[in-house]
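Working notes for the structure below.
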Amino acid sequence: MTYGFRPVTTSALRIKISRQRGEGVPHSGFRLRYYDDEPDTPVFFEIKRREDNVILKERGGVRKDAVRWLLAGHMPERKHMLNPNDNEAFVAVQRFCHLSLQLNARPKMHVAYLREAYENPNHNNVRLTMDRQVESQPNPRPRLIAKSPKPHLVFGKKVILELKFTARYPKWFRELVETFNCTQMGAAKYAEGILIKGEDWVRRGCSPCSPENVLKEFLTAEKYPGLFDATTPAKA
């Protein structure tokens, strides 16, 4: 089987939004994933949850110029989508925005890393990825920055290997694990950074947003400046 090589030369970035369990709402993580700070590339709104040992993910691609509008509390429209005809992606973004409002979720953390990925050129049922230089820093502002000003190196020089598959466990995955004596373990980029640095680190960097500021963002989201501005960094 032939695999394509796709090095990620810029950081794969995400803004992690706080999560909590509400009535009828599974314990989920909400994040924005993007790959550069260019204004015309997409942002993927993702909901990620775990059921037993299975990771389930919903996501939809959104135009960058619509991010402020959606994070300020507005519901998505077809014109905001990367592909307006992708019904599955549109429903995923609708659900993301609905749950964010229901849970009063706000941006909490900026996580960046370099990803080296291998996958079958004909489908994405199987992927092998290696993540390096995983960095995190509290960031309460919905800014799509390329790098945090004072990030914490979460795993040091370690490389995070992930084996991903959507159907049957591939035989060559088993051979790889046995040959290199790999052991399954968690490597939560968002949670591990908080565990190491402490919750006070996050609290200091993410002061509560007043109702007045939330209302201002909602009313002025279309003109809200600073989408890529990192001139006011979160406190280290």
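Any read-out appearing in this document is the output of simple, stated calculations on the displayed coordinates, not a laboratory observation. Computed from a predicted model, the values in this text were never measured in an experiment. Positions of Cβ are generated from backbone atoms using ideal geometry, with glycine treated the same way; all protein chains shown enter the neighbour counts.
Here's how it looks for MET109: its modeled amide H is under 5 Å from those of LYS16, ASN139, which are all 5 or more places away or on a different chain. Residues ASP36, ASP131, ASP52, ASP200, arranged from fewest to most other Cβ atoms within 10 angstrom of their Cβ, appear as ASP52, ASP200, ASP36, ASP131. Rounded to whole numbers, the Karplus 3J(HN,Hα) couplings from phi for the range 136-153 are 8, 7, x, 8, x, 9, x, 9, 8, 8, 7, 7, 5, x, 9, x, 9, 7 Hz, using 6.51 cos²θ - 1.76 cosθ + 1.60 with θ = phi - 60°, and x at Gly and Pro.
As a rough footprinting exposure proxy, the listed residues THR41, THR166 were ranked by other beta carbons within 10 Å of their own, and the order from fewest upward is THR166, THR41. In order along the range 73-79, phi translates into HN-Hα couplings of x, 7, 8, x, 10, 4, 5 Hz, rounded to whole numbers, per the Karplus curve 6.51 cos²θ - 1.76 cosθ + 1.60 with θ = phi - 60° and x for Gly and Pro. Other residues within the sphere of radius under 15 Å centred on the Cβ of GLY156, judged by their own Cβ, net out at +2 (K and R +1, D and E -1). Using the Karplus relation 6.51 cos²θ - 1.76 cosθ + 1.60 with θ = phi - 60°, the per-residue 3J(HN,Hα) values for the range 85-98 come to 8, 8, 5, 5, 5, 5, 5, 5, 5, 4, 5, 4, 5, 5 Hz, with x marking Gly and Pro.
Listed from fewest to most Cβ neighbours within 10 Å, the set MET81, MET109 follows the order MET81, MET109. Once backbone amide H atoms are built at 1.01 Å from N, VAL126 has ASN120 as its partners under 5 Å, excluding neighbours fewer than 5 places away on the same chain.
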